[in-house]
1. Looking at the chain, what % of its DSSP beta bridges pair antiparallel, to the nearest 5?
2. Just to check I understand the Karplus step: with θ = phi - 60° and J = 6.51 cos²θ - 1.76 cosθ + 1.60, what whole-Hz values come out for the stretch 46-52, glycine and proline as x?
3. Could you tell me the center-to-center distance, by alpha carbons, between the stretch 130-177 and the stretch 1-46 in angstrom?
4. How much net charge surrounds Lys138 when only the other residues with a Cβ under 12 Å from the Cβ of Lys138 are counted, with Lys and Arg +1 and Asp and Glu -1?
5. To make sure I understand the rule: partners must be aspartates and glutamates, Cα under 14 Å from the Cα of Lys139, and not fewer than 8 residues away in the same chain. Which ones qualify?
6. Provide the convex hull volume over Cα atoms per residue for the chain, in Å³.
7. Whenever you get a sec, line up Asp55, Asp166, Asp146 from highest to lowest accessible area (probe 1.4 Å, protein heavy atoms).
8. I'd like the FRET efficiency for Tyr80 and Ser24, computed as 1/(1 + (r/R0)^6) with the beta carbon distance as r and R0 of 25 Å, rounded to 0.05.
Amino acid sequence: MEQVFYGRVPIERATAFFEFKKGSNYQKILHHLKYKGSKELGEFMGSRYAGEIKDSNFTQHIDLICPVPLHPRKERKRGYNQSYHLAKGLSDVLQIPIANDALVRKTFSSTQTRKTRYERWENVEDIFQVISPVSFTKKHILLIDDVVTTGATLEACAATILKSCDCKISLLTLAIA
């Protein structure tokens, strides 16, 4: 996963729990997590993932977990942010606090599904805002999302945070497509 972001945005580390393949059980997990209201599945998968990386050096020196935010309108429609529930499962096991309100999605954007790499980048350019720079300053942030396809969303989040604060960023997703 680190190769996806090489030369695009300065990150410390990046990892994904599994590789997304159409028709696989992993696709079913992501579908239930994202569209079927399975908040508990997100927390379960987060805690499972945390168990796998807990004793590695990946989470060493991580100060905060920050889930990729949804726009408030999309979160109201869906009823939850799947990345937050993944982050909660990780946080519970790793005992690393979540910074859920320090980064916001200020612009409503259409879904990334079926967009080209360039269209995805355009769709997320300048849509995030750091509300509380002091929350991130001098910290190592673990930015969490459910799935990375082209990396446009995570790149936009990381770039926004790095522009606003002196900090380090690592990335973690449930899946990589």
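1. Details: 3 of 21 bridges.
Just about 15 percent of them are antiparallel.
2. Going residue by residue, I get x, 5, 4, 4, 4, x, 6 Hz, with x marking Gly and Pro.
3. 15 Å
4. Values: positive: Lys139, Lys168; negative: Asp63, Asp166.
Once all neighbours under 12 Å are counted, the net charge is 0.
5. Filter leaves Glu12, Asp63, Asp166.
6. Details: hull volume 18.8 nm³, N = 177.
Normalising the Cα hull of the chain by residue number yields 106 Å³.
7. So, going from the largest accessible area down, we get Asp55, Asp166, Asp146.
8. Numbers: r = 24 Å, r/R0 = 0.95.
E(calc), rounded to 0.05, equals 0.60.
The values are calculated or read from the model by the stated rules, or taken from the named source; none is laboratory data. Because the structure is a prediction, the values reported are computed rather than measured. Note that we place each Cβ from the backbone using ideal geometry, even for glycine, and neighbour counts take in every protein chain shown. To get the accessible areas, we keep the full protein, side chains included, count just its heavy atoms, and leave off ligands, DNA and RNA. Shrake-Rupley method; radii C 1.70, N 1.55, O 1.52, S 1.80 Å.
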